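Worksheet for the structure shown next.
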Amino acid sequence: MKPHFLSCSLMLVTATSVLADGPTDNIPGTVRPIPPPGLEIPADVQQRLTAGLDQLAKAIQAAQTAQAKNASALELLPDVEVYFKAVEWALRHKEFHKDREFKVADELLAEGMERAEQLKEGRSPWTKSKGSVVRAYRSKIDGSVQPYGMTIPESYVGAPMRLDTWFHGRGETLSELAFIDGIRKGGLKIAPKDTMVIQPYGRYSNANKFAGEIDLLEALDHAGRDYRIDPDRIIVRGFSMGGAACWQFAVHYADRWCAASPGAGFSETPEFLLGFQGEDVYGQPWYQQKLWHWYNATDHALNLFHCPTVAYSGEIDKQKQAADAMETAMRAENFDMRHIIGPQTAHKIHPDSLVEIEQRLADIAAVGRDATPTDVHLATWILRYNRMHWVVVDALEEHWARARVHARVTGDAEVTVNLQNVTALSFEMPSGHCPLTPLLQPVIKIGGQELKVRRPKIDRSWTVHLRKIGENWQEVLDPFEDEGLHKKHLLQGPVDDAFMDRFVFVRPTGLAWNAKADAWAKGEMDRAIFEWRRQFRGDAIVKNDTELTEDDIANANLVLWGDPGSNAVLAKVLDKLPIQWSKDKLTANGQSHDASGHAPILIYPNPLNPERYVVLNSGFTYREYDYLNNARQVPKLPDWAVIDLSIPPDTQKPGGVKDAGFFGERWEWVKK
């Protein structure tokens with residue numbers, strides 16, 4: 001992806017090519033660091049900023065103490081702390097990339113001090129400011145403070161208003177300091193009339209995937225506390241890497257948006273890399289190719305039935321491939337895509353095209369989102385994305401195989417359902433939204449059956465659960481009436497899924513069984529901590545195995561490093577995990593391996609709390625080589641793997657992947 005800084009005027013500035021992906025970024029053995037090394041910091045600047053940070057830290061503490069009994073004020077602390085983080089991280093990690101950023105740091109410290117003094121007095125005038133406003137929230141994932149920008153029009157008076165989201169382009173030097181500087185200097189120059197705009201940081205430069213995906217959801221939730229957002233008029237937009245983000249949000253959360261307007265970027269992994277990067281990835285392992293379905297928007301094109309989409313491409317932009325691929329995918333669903341093309345335009349938005357885009361989005365926003373359609377269509381490959389309006393998929397026959405639901409209200413007391421690869425689903429219509437009559441018992445036509453189910457309530461709400469038992473569908477009280485483990489929404493794997501919610505790295509303190517495996521696990525843990533900070537811009541929560549609390553077990557996914565000899569928590573849960581592991585032998589999926597030279601990676605429901613995950617010996621699974629192109633940033637390992645430690649870790653793998661695969665729908669081993 002070509003870098004495209006977020007403060008471009010009207011998005012018409014061509015993306016620079018200084019750091020553009022090229023042939024040298026296809027060599028795993030010579031990977032350049034992302035982010036790149038920063039400037040040397042002059043001694044006087046180091047001294048001045050250190051003193052300023054110390055002063056700001058004291059001011060933040062004073063504000064926190066003064067407002068200790070004011071919960072509303074304390075919730076605003078991230079709006080102040082984000083200035084400290086931006087400067088402190090740039091200083092500590094040498095992430096100043098331009099000389100002018102030293103002056104920016106001084107300015108951010110001054111603004112942070114001003115907000116701290118205001119908050120100390122119980123005031124927060126920035127929450128009422130118009131124009132571009134720097135905001136921040138504390139993430140549930142790792143407790144980190146994450147910035148975002150809000151553009152508030154002068155016409156906003158507190159009534160519900162349209163909100164556009166804008167996903168920024170690739171910026172390898174887009175630190176928190178640089179991002180905040182862009183916001184405070186006017187941020188994005190698009191400003192549709194009577195529209196608020198939110199600009200998520202997305203946790204740096206990952207095309208808003210994984211924790212970057214959750215970043216938008218958390219930022220929207222946080223913004224909704226201070227601004228009246230019209231839930232039926234939220235539009236997702238972006239260009240370049242931000243266009244890629246827009247495609248995946250449009251298909252995965254199609255029922256949340258009024259419209260989508262992606263420009264350039266990519267919409268899937270293999271064909272984009274082949275055309276843009278000259279990289280053929282069709283020889284990658286079978287499980288990696290299955291995992292492409294997570295972020296391949298082309299595989300979820302059906303969902304755009306619910307999200308009016310206005311795509312844009314420059315006629316001579318190489319990234320036109322993204323919209324072309326989506327157009328092909330939509331045509332297969334019998335849709336015709338609205339694709340605006342800037343004549344003889346490269347990697348920018350043509351001004352005439354921008355006028356047309358804005359008019360079409362305004363027309364769509366005038367109608368608004370259909371909150372309760374009578375015709376619902378859903379395509380998914382993973383239960384993380386299991387809902388479309390009132391249709392909820394509760395269980396699949398097989399993960400990473402195409403699943404589809406077509407549900408239509410076909411009468412006053414009738415719903416007709418066609419589906420594929422689904423074994424349990426629910427219909428959930430909140431109060432006032434059910435179009436069925438409450439006077440009759442509805443009939444659901446599904447799988448060749450006509451199934452009579454419970455009636456809607458008189459408040460016009462309706463909830464019904466269906467499960468396939470044998471060859472027949474039945475109404476049930478709960479999608480999972482039988483005991484035991486099931487893959488289900490937010491508990492379906494793969495490994496990377498654990499890092500989209502709160503997680504704790506559990507560090508071993510005991511004596512390991514095998515020195516080689518111990519050294520590998522410690523190296524991978526140190527790398528995971530380091531890379532989480534670099535790539536997802538937070539400090540991973542790390543606790544010794546002797547310090548884990550009941551709250552951690554109840555509310556976090558546990559990432560256990562080491563082996564049962566070194567990690568007391570791993571030893572405690574070992575007999576409830578699907579592997580067998582002793583000092584001499586590791587057995588996974590019926591295959592035994594020498595434990596002195598092999599180690600497991602897996603994700604599984606935590607035996608101490610089956611509503612959360614336990615992960616063994618892994619952080620997020622894409623590595624340094626994948627940082628060089630955002631289309632590579634997809635899961636690299638499935639639910640489990642056996643690592644051959646005779647092959648050292650590199651920029652693509654944690655070692656030799658001797659065996660790997662997915663668990664079945666009840667978290668059982670699946671024979672190849």
Of the residues in segment 94-117, those that are in contact with a Pro (Cβ under 9 Å, 6 or more places away or on another chain), touching a residue at least 60 places away in the same chain (Cβ under 8 Å) and exposed (fewer than 15 other Cβ atoms within 10 Å of the Cβ) number 0
Screening 127, 151 for residues that are touching a Gly at 6+ places or on another chain (Cβ under 7 Å) and open to solvent by 10 Å² or more (accessible area, probe 1.4 Å) leaves only 151
In segment 341-382, residues that are touching a residue at least 24 places away in the same chain (Cβ under 8 Å) and more than 23 Å from residue 252 (Cβ to Cβ) total 15
Scanning segment 565-587 residue by residue, those in a helix (DSSP H, G or I) and open to solvent by 10 Å² or more (accessible area, probe 1.4 Å) turn out to be 568, 569, 571, 572, 574, 575, 576
Residues that are closer than 30 Å to residue 278 by Cβ, open to solvent by 30 Å² or more (accessible area, probe 1.4 Å), assigned to a helix (DSSP H, G or I) and among the polar types (S, T, N, Q): does segment 38-53 have at least one?
no
Counting only residues in segment 201-245 that are farther than 28 Å from residue 314 by Cβ and aliphatic (A, V, I, L, M), the one farthest from the chain's Cα centre (by Cα) is identified as 229
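For residue 255, state whether it is open to solvent by 10 Å² or more (accessible area, probe 1.4 Å) and more than 30 Å from residue 28 (Cα to Cα). Break it down stepwise before answering.
Working: open to solvent by 10 Å² or more (accessible area, probe 1.4 Å): yes; more than 30 Å from residue 28 (Cα to Cα): yes.
When the stated conditions are applied, residue 255 passes them.
Just need a number here: residues in segment 483-533 that are small (Gly, Ala, Ser), open to solvent by 20 Å² or more (accessible area, probe 1.4 Å) and outside any helix (DSSP H, G or I). Can you show your working first?
So in segment 483-533, the residues small (Gly, Ala, Ser) come out as 484, 493, 498, 510, 512, 515, 517, 519, 521, 523, 528.
Okay, now just the ones that are also open to solvent by 20 Å² or more (accessible area, probe 1.4 Å), so 484, 510, 512, 515, 519, 523.
Still in the list and also outside any helix (DSSP H, G or I): 484, 510, 512.
Adding up the residues that qualify gives 3.
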Reported set for segment 401-413 where residues are surrounded by 22 or more Cβ atoms within 10 Å (Cβ to Cβ) and either under 22 Å from the mean Cα position of the chain (by Cα) or acidic (Asp, Glu) (or both) is 403
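Name the residues in segment 534-564 that are assigned to a helix (DSSP H, G or I), polar (S, T, N, Q) and under 16 Å from residue 620 (Cβ atoms), would you?
Going residue by residue through segment 534-564, those that are assigned to a helix (DSSP H, G or I) are 534-536, 550-555.
Okay, now just the ones that are also polar (S, T, N, Q), so 535, 555.
Scanning segment 534-564 gives a single hit, 535.
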Across segment 65-83, the tally of residues that are surrounded by fewer than 23 Cβ atoms within 10 Å (Cβ to Cβ) and either outside any helix (DSSP H, G or I) or more than 25 Å from the chain's Cα centre (by Cα) (or both) stands at 11
For residue 578, the lone unmet condition from (1) within 30 Å of residue 87 (Cα to Cα); (2) in contact (Cβ under 8 Å) with a residue 40 or more places away in the chain; (3) not polar (S, T, N, Q) is (1)
Residue 265: passes all of (1) in a loop (DSSP other than H, G, I, E, B); (2) open to solvent by less than 10 Å² (accessible area, probe 1.4 Å); (3) under 17 Å from residue 148 (Cβ atoms) but (3)
Residue hits (segment 334-371; within 29 Å of the chain's Cα centre (by Cα), of a type in the set (Val, Ile, Thr) and surrounded by fewer than 16 Cβ atoms within 10 Å (Cβ to Cβ)) are 367
Scanning segment 222-252 for residues that are open to solvent by 10 Å² or more (accessible area, probe 1.4 Å) and either free of Cβ contacts under 8 Å to residues at least 40 places away in the same chain or aliphatic (A, V, I, L, M) (or both) gives 224, 229, 234
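When the residues of segment 588-597 are narrowed to those that are open to solvent by 20 Å² or more (accessible area, probe 1.4 Å) and not small (Gly, Ala, Ser), which ends up farthest from the chain's Cα centre (by Cα)? Steps first, answer last, please.
Let us first name the residues in segment 588-597 that are open to solvent by 20 Å² or more (accessible area, probe 1.4 Å), namely 590-592, 594, 596.
Narrowing the set further to residues that are not small (Gly, Ala, Ser) leaves 591, 594.
Values: 591: 34, 594: 37 Å.
Only one residue fits best here, namely 594.
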Here the residues within segment 606-644 that are out of contact with any His (no Cβ under 9 Å at 6 or more places or on another chain) and in a strand (DSSP E or B) are 606, 609, 610, 611, 612, 613, 614, 615, 616, 640, 641
Note on residue 425: of the conditions (1) over 25 Å from residue 164 (Cα atoms); (2) touching a Cys at 6+ places or on another chain (Cβ under 7 Å); (3) among the hydrophobic types (A, V, I, L, M, F, W, C), unmet is (2)
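Just to be sure before I move on: is residue 285 closer than 14 Å to residue 247 by Cα and surrounded by fewer than 24 Cβ atoms within 10 Å (Cβ to Cβ) in the structure I sent?
On the way: closer than 14 Å to residue 247 by Cα: no; surrounded by fewer than 24 Cβ atoms within 10 Å (Cβ to Cβ): yes.
No, not satisfied.
What strands (runs of 3 or more DSSP E), lying completely within segment 338-450, carry at least 3 residues that are modelled with pLDDT of 95 or more and within 27 Å of residue 234 (Cα to Cα)?
Because the criterion is at least 3 residues that are modelled with pLDDT of 95 or more and within 27 Å of residue 234 (Cα to Cα), the strands (runs of 3 or more DSSP E) in segment 338-450 that meet it are 338-342, 375-380, 391-396, 403-411, 422-429.
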Pairs returned, first residue in segment 53-72 that is more than 26 Å from residue 102 (Cβ to Cβ) and among the polar types (S, T, N, Q), second residue that is assigned to a helix (DSSP H, G or I) and open to solvent by 20 Å² or more (accessible area, probe 1.4 Å), beta-carbon separation under 9 angstrom, 6 or more apart or interchain, are 64/74; 64/120; 65/120; 67/74; 67/120
Across (1) surrounded by fewer than 20 Cβ atoms within 10 Å (Cβ to Cβ); (2) in a helix (DSSP H, G or I); (3) in contact (Cβ under 8 Å) with a residue 60 or more places away in the chain; (4) in contact with a helix residue (DSSP H, G or I) (Cβ under 6 Å, 6 or more places away or on another chain), residue 275 clears everything bar (3)
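Search segment 433-446 for residues being open to solvent by 60 Å² or more (accessible area, probe 1.4 Å) and closer than 13 Å to residue 390 by Cα, and hand back the single one that is farthest from the chain's Cα centre (by Cα).
Let us first name the residues in segment 433-446 that are open to solvent by 60 Å² or more (accessible area, probe 1.4 Å), namely 433, 435, 439-441, 445.
Checking the rest, the ones that are also closer than 13 Å to residue 390 by Cα come to 433, 435.
Working: 433: 29, 435: 34 Å.
My answer is 435.
The values are calculated or read from the model by the stated rules, or taken from the named source; none is laboratory data. Owing to the predicted nature of the structure, the values given are computational and were not obtained by experimental measurement. Note that we place each Cβ from the backbone using ideal geometry, even for glycine, and neighbour counts take in every protein chain shown. In case anyone asks, the SASA skips ligands and DNA or RNA and just uses the protein heavy atoms, side chains included. Shrake-Rupley method; radii C 1.70, N 1.55, O 1.52, S 1.80 Å.
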